[in-house]
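Read-outs: derived from the displayed coordinates by stated rules, not from any lab. Because the structure is predicted, anything quoted here is derived from the model rather than measured. Virtual Cβ from ideal backbone geometry, glycine too; neighbours counted across all protein chains shown.
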Amino acid sequence: MNTSTDTPAPAALTLTAVESRVLATLMEKARTVPDSYPLSLNTLMLGCNQKSSRDPLMNVTEAQIATALDNLLPLNLVRASNGSRVVRYEHNFQRGVGVPEQSAVVLGLLMLRGPQTAGELRLNAERWYRFADISSVEGFLEELQDRSAEKGGPLVVKLPRSSGAREQRWAHLLCGPVDAIALAAASRTADTATLAGNAVERIDRLEAEVANLRETVQKLCAELGVAPADPST
């Protein structure tokens, strides 16, 4: 007979992508729009599918969100209130996961926006929590990375430095282990698309400036009674 009185370590939390988005959206809205919080199912769906401050973009249905809520409720990560005609939902992340407020903010942002550097997290956290400096964000990230097995294990991981990047990014582990190689490839693709978009925008702006200059020259030539030079010669 085993007479050990050791308490078993809590199982690592593993969420689906939709559960992660639902939970993080509740965390965001609790801080950014407190007057309309807790959220109804429809409002929660709009928040999950919004096009800003989300990576990746998602298009989840009410049925998918309802299923995610059903899974999160018994984990004590979400609570439902039935005080009105419409059921409303609020998160219980900080207590349910057992982390301080600052760590909950960092995790919520990583779930909503994908991998980020400590500097990006500090900037994006402005409406959630004001960190004193980047080093304080790094301190909480390191605590989450070094989280003991007795508490459920690490909740974030520091990714390898991307080519040309000055800082390393961090990713959450609430949806399971992270494929660093796939994330690095996705980051390079996104960076390439951004550079290409910037180049196209710059060309368009230069063409517009040239057209404006040509029009100005033609007006000046007309006022002076001289023929404009042929640009082809």
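If you plug each phi of the range 86-101 into the Karplus form 6.51 cos²θ - 1.76 cosθ + 1.60 with θ = phi - 60°, what whole-Hz ³J(HN,Hα) values come out, in order, with x for Gly and Pro?
These are the phi-based 3J(HN,Hα) values: 10, 5, 10, 10, 9, 8, 9, 4, 4, 6, x, 8, x, 10, x, 4 Hz.
Which of the three applies to the range 17-175, rounded, prolate or oblate, going by the alpha-carbon gyration tensor with a ≥ b ≥ c and a/c under 1.5 meaning rounded?
Details: a/c = 1.82, a/b = 1.61, b/c = 1.14.
Cα axes put the range 17-175 in the prolate bin.
Ranked from highest to lowest mean number of other Cβ atoms within 10 Å per residue, what is the order of the peptides 77-87, 38-48? Could the numbers behind the result be given before it?
Numbers: 77-87: 12.9, 38-48: 18.6.
Going from most to least packed, we get 38-48, 77-87.
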